[in-house]
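None of the figures in this text is laboratory data; all of them are computed from the coordinates on show. Bear in mind that the values here come from a model prediction, so they are computed numbers and not experimental data. Backbone-built Cβ (ideal geometry, glycine too); neighbour counts: all protein chains shown.
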Amino acid sequence: MKVTLTVEAGDGQLRHVEAEDETYEAAMAAARTLIPEGSKAIAIRTAQTAE
């Protein structure tokens, strides 16, 4: 499972962070660790990865 978060910084700039893991929960937890300080996730996208 791949999770892509759209992240909004305090100044309004947008960026994306991605993480992959075997489950949604694990991929989401990994992606959240990539959110920079002072930013927040505003959108979540998921995709199945090939096995």
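Considering helices alone, the calculated mean residue ellipticity of the chain at 222 nm is -5000 deg cm²/dmol, with DSSP H runs of length four and up weighted by -39500 (n - 2.57) and normalised per residue. A cut-off under 13 angstrom between Cβ atoms defines the neighbours of A30, and their net charge, with Lys, Arg +1 and Asp, Glu -1, is -3. Checking (i) 1.01; (ii) 1.04; (iii) 1.43 against Rg/Rh (Cα atoms, Kirkwood Rh) calculated from these atoms, the matching label is (i).
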